[in-house]
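The values are calculated or read from the model by the stated rules, or taken from the named source; none is laboratory data. Computed from a predicted model, the values in this text were never measured in an experiment. Backbone-built Cβ (ideal geometry, glycine too); neighbour counts: all protein chains shown. Protein only, heavy atoms only, side chains kept; ligands, DNA and RNA dropped before computing areas. Shrake-Rupley method; radii C 1.70, N 1.55, O 1.52, S 1.80 Å.
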Amino acid sequence: MITEHILSILLALPLLGACAVMLLPRHSGAAVKITGLLFSGIAFALSVWMFVVFDEAQPAMQFVEYVSWIPALDIGYSVGIDGISLLLVVLTTFLTPIALLASWDSVKDRLKGFVALMLLLEVGTLGVFVALDLFLFYVFWEFMLIPMYFIIGIWGGADRVYAAVKFFLFTMAGSVLMLVAIIWLGYYASTLPGGHFTTNLLTLYSVAPGIPFAIQSWMFLAFTLSFAIKIPLFPLHTWLPDAHVQAPTAGSVILAGVLLKMGTYGLLRFSIPLFPDATFTYLPYLAILAVIGIVYGALVSWVQPDLKKLVAYSSVSHLGFVVLGLLALNEEGVQGGVLQMVNHGLSTGALFLLVGMIYDRRHTRMIKDYGGLARIMPVYATMFMIVMLSSVGLPGLNGFVGEFLILVGAFTSQVLGSPWYAVAGATGVILAAVYLLWSYQRVFFGRVENPDNKGLRDLSLREWCVLVPVIIVIGWIGVYPKTFLDKSAVATRSVVQRYEEGRRGDVRAVSGMQGTGAVQSGQSGNILAGTGAVRSGQSGSILAGTGAVRSGQSGSILAGTGAVQSGQAGSTLAGTGAVQSGQSGSTLAGTGAVQGGQPGSSMKGTGRTQTRQ
């Protein structure tokens, strides 16, 4: 019973926690903190149990639930997870109680509202990662904006209102375009023979790749713009430093650790598999922006005098790595990108925790105000060093594994088509070492020249409890990443396969084109050795002669000049046979033709089947 509704229970727990917090008396501060921590902790425990029982060999979505919501438009409450969303769900439930515990003493005003909004933020984020209906996804995507807006705007720094409004407007602008694309996508499904309006993601996976390229391009751009803002991808990143710097520590942790991953998750879950042809067309431009973001974010971080802003700009660089891995569209790159989403959430989230701890003591984030802290706070300095080195990508820590897979994937990617993307991206690793090690040297080494730093206390027991779990996972992934890679392996492989099946076999996408074959308006034509053409079909995996696949769903092997037109399947044509307007013509060894009929399973002569059931 619990397994059947585990995702609904997971969504309900923080929602119930927020309601419970709001029902508590105004001045019951300890009860508010404990209640928030309790509900978020139970949600984490449930996600860990889900991680353990998850079948990593199963390619289909698991823990699926469906309840019809708006039957006339085939909109439903549809949730489920695969290995990709599983990791992000666990990351979300892991960081939320840690963020609440980190704010135990730093948030004193309007505590009830803060804890309730943090729990509601968890609901929205989890909903984004488990939704299998585009309408439901959009509801959760927009719902997430509200608590984050208030967390920044109420409990943020001096310029909190400006940062909150900027964050809201940037995200909202992209979301509106995505909503238009969702409606357009549902409408397109209704225009197909026997089709109807739907926002069911699994149904649209088989519908959207067949959309004419011109329309598909607009839909892809609408979805991808929304996700690029959220990542954020250069040059749409300008809202991020303001939001990070002004947000309270807990807000920065969740923003960097989880919310930014919604953008990269959206690329992987929606943009790439729904619009494979548009993805292939615009992929080089996105990859260039990712590489620019890697280098730009690192260079800007290098010159930051504000420690928190340095960490904020480093997110632009690290998320550029994630995007580059996803765009490699091979197993190494995509799996590295998924793992790096988790790694960035842990490492950068921990850096914001550490910056928040020192800010609570000194109320300044300026690097020049520190120096020599390793002598005064040796435990804090050690924790900071471990997290900093994980962000640099030191072997043995989590960052190295993700960055290595991404660079291998980008270097060997046939879709990117050039190893120079990996070479340019690798400069980000060098620059990360420069700005992080230099900042660490200025903060922790040298003389203690500022008298305000001499009386600083080292980590408290609560701060130990905040940092140690994160550092344990950082080391776990660095030493034994198999635990996490195995969970996402099948899902990432499915994404790559779905893209390869969905693309139309353009010259750059097809590694084995030896003739003059063309692929038009179809989803895939993996290998064309002759002059075959694939048009308006979903797949024509191997065409060795001059065969053509038109308006059909599949024509898997055509060895002669056979043609498949308006049919659903013509699995093997060894001669010049043609399949027209029929549902299947599984084997034609001669010049037989199937027209207007459903099956013509075996024709070895010149026979012809017409209008036959």
Completion exercise
Selection from the range 88-104 of residues open to solvent by 10 Å² or more (accessible area, probe 1.4 Å) and closer than 22 Å to residue 486 by Cβ yields 90, 94
Exercise for the section: Kindly check whether there is at least one residue in the range 103-119 that is in the same structural domain as residue 24 (by TED's automatic domain parsing), without any contact (Cβ under 8 Å) to a residue 24 or more places away in the chain, farther than 21 Å from residue 237 by Cβ and part of a helix (DSSP H, G or I). Expected result: no
Exercise for the section: Please give the number of the condition residue 315 fails out of (1) of a type in the set (Gly, Ala, Ser); (2) farther than 30 Å from residue 465 by Cβ; (3) at pLDDT below 90. Expected result: (2)
Handout entry: Check on residue 33, of a type in the set (Lys, Arg), part of a helix (DSSP H, G or I), open to solvent by 30 Å² or more (accessible area, probe 1.4 Å) and under 24 Å from residue 466 (Cβ atoms)
Key = yes
Fill in the blank from the handout: Reported set for the range 141-159 where residues are open to solvent by 30 Å² or more (accessible area, probe 1.4 Å) and of a type in the set (Phe, Trp, Tyr) is 143, 149, 150, 155
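Residues that are open to solvent by less than 10 Å² (accessible area, probe 1.4 Å) and within 17 Å of residue 454 (Cα to Cα): does the range 345-356 have at least one? If you could, list the steps in order and put the result at the bottom.
Step one: filter the range 345-356 for residues open to solvent by less than 10 Å² (accessible area, probe 1.4 Å), giving 345-356.
Imposing the further condition that a residue be within 17 Å of residue 454 (Cα to Cα) reduces the set to none.
Scanning the range 345-356, I find no residue that is open to solvent by less than 10 Å² (accessible area, probe 1.4 Å) and within 17 Å of residue 454 (Cα to Cα), so the answer is no.
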Practice task
Among residues belonging to the range 56-83 that are among the aromatic types (Phe, Trp, Tyr) and more than 20 Å from the chain's Cα centre (by Cα), point out the one that is nearest to residue 487 (Cα to Cα).
Solution key: 66
Exercise for the section: Tell me which of these residue 463 doesn't satisfy, since it passes every other one: (1) surrounded by fewer than 21 Cβ atoms within 10 Å (Cβ to Cβ); (2) under 34 Å from the mean Cα position of the chain (by Cα); (3) within 22 Å of residue 389 (Cβ to Cβ); (4) of a type in the set (D, E, K, R). Expected result: (1)
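A quick yes/no check of all residues on (1) hydroxyl-bearing (Ser, Thr, Tyr); (2) at pLDDT below 90; (3) touching a Ser or Thr at 6+ places or on another chain (Cβ under 6 Å); (4) buried (at least 24 other Cβ atoms within 10 Å of the Cβ):
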{"position": "198", "(1), (2), (3), (4)": "yes, no, no, no"}
{"position": "222", "(1), (2), (3), (4)": "no, no, no, no"}
{"position": "226", "(1), (2), (3), (4)": "yes, no, yes, yes"}
{"position": "236", "(1), (2), (3), (4)": "no, yes, no, no"}
{"position": "253", "(1), (2), (3), (4)": "no, no, no, yes"}
{"position": "261", "(1), (2), (3), (4)": "no, no, no, yes"}
Completion exercise
With criteria (1) part of a helix (DSSP H, G or I); (2) among the aliphatic types (A, V, I, L, M); (3) surrounded by 23 or more Cβ atoms within 10 Å (Cβ to Cβ), residue 416 comes up short on (1)
Practice task
Determine whether residue 120 is open to solvent by less than 10 Å² (accessible area, probe 1.4 Å) and closer than 21 Å to residue 266 by Cα.
Solution key: no
Practice task
Consider only pairs whose beta carbons are under 7 Å apart and that are at least six residues apart or on different chains; among these, list those whose first residue lies in the range 16-45 and is within 23 Å of residue 124 (Cβ to Cβ) and whose second residue is open to solvent by 30 Å² or more (accessible area, probe 1.4 Å) and part of a loop (DSSP other than H, G, I, E, B).
Solution key: 32/24; 33/104; 35/24
Problem - Single unsatisfied condition, residue 389 versus (1) modelled with pLDDT under 90; (2) closer than 17 Å to residue 351 by Cα - result: (1)
Problem - Close pairs from the range 225-239: first aromatic (Phe, Trp, Tyr), partner surrounded by 20 or more Cβ atoms within 10 Å (Cβ to Cβ) and outside any helix (DSSP H, G or I), Cβ under 9 Å, at least 6 apart - result: 227/233; 239/232
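From the list 228, 214, pick out the single residue that is in contact with a helix residue (DSSP H, G or I) (Cβ under 8 Å, 6 or more places away or on another chain) and over 30 Å from residue 105 (Cβ atoms).
On the way: 214 fails: in contact with a helix residue (DSSP H, G or I) (Cβ under 8 Å, 6 or more places away or on another chain).
Result of the check over 228, 214: 228.
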Problem - Candidate set from the range 160-196 (those that are open to solvent by 10 Å² or more (accessible area, probe 1.4 Å) and of a type in the set (Gly, Ala, Ser)); member that is nearest to residue 218 (Cα to Cα) - result: 173
Practice task
Please work out which residue is most open to solvent (accessible area, probe 1.4 Å), limiting yourself to the range 433-460 and to residues that are under 13 Å from residue 374 (Cβ atoms) and of a type in the set (Phe, Trp, Tyr).
Solution key: 445
Exercise for the section: Inspect all residues belonging to the range 52-60 and state whether any of them is of a type in the set (Asp, Glu) and open to solvent by 60 Å² or more (accessible area, probe 1.4 Å). Expected result: yes
